[in-house]
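Below is one structure, written out as structure tokens; comments come after it.
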Amino acid sequence: YKTIATIELFVFAVASWWLRRGTKTSEIKDTTKRRKVPMMFYFVMGIAMALSQTLGKLANKYVNFTVSTIFKCSKALPTMAVSVLFL
């Protein structure tokens with residue numbers, strides 16, 4: 001499981017680099033001017049998402065298939081609850 005999680009993180013990093021490679025520096029500067037959220041927020045959210053996927057895959061090693069499936073399906077419930085409260 002550690003190997004799969006590491007490979008997944010590597011693929012995300014390479015894909016991100018590949019997409020940024022084709023853009024001009026002037027285009028990158030233009031997008032930073034329009035950004036309203038600080039760059040540190042994106043960094044922290046990216047780290048949190050990478051850790052949650054990695055730790056989730058490691059945790060699935062210790063439970064059976066049924067429990068794993070129920071937990072994966074219930075990820076959407078907090079999102080739906082928050083959207084009902086705020087929208």
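The values are calculated or read from the model by the stated rules, or taken from the named source; none is laboratory data. The structure presented is a predicted model; accordingly, all values stated were derived computationally and were not measured. Cβ sites come from the backbone with ideal geometry, for glycine too, and all protein chains shown count toward neighbours. What goes into the accessible areas is simple: the full protein's heavy atoms, side chains included, and nothing from ligands, DNA or RNA. Shrake-Rupley method; radii C 1.70, N 1.55, O 1.52, S 1.80 Å.
Relative to a virtual label point 7 Å from the Cα of K2 in the Cα→beta-carbon direction, which members of segment 46-79 show backbone nitrogen distances below 19 Å?
50-63
From the phi of every residue in segment 12-17, what ³J(HN,Hα) in whole Hz does the Karplus formula 6.51 cos²θ - 1.76 cosθ + 1.60 yield, where θ is phi - 60° and glycine or proline is x?
4, 5, 5, 5, 5, 4
With a 1.4 Å probe and all protein chains kept in place, how much accessible area does K2 have, in Å² rounded to the nearest 10?
Result for K2: roughly 140 Å² accessible.
Suppose R0 equals 22 Å. What FRET efficiency, 1/(1 + (r/R0)^6) with r the Cβ-Cβ distance, do Y42 and F10 give to the nearest 0.05?
0.70
Enter the accessible area of Y42 (Å², nearest 10), with the probe set to 1.4 Å and all protein chains included.
Surface accessible to solvent at Y42 totals approximately 110 Å².
Give me the number: length gained by fully extending A50 to N64, i.e. 0.36 nm times residue separation minus the C-alpha to C-alpha distance, one decimal in nm.
2.7 nm
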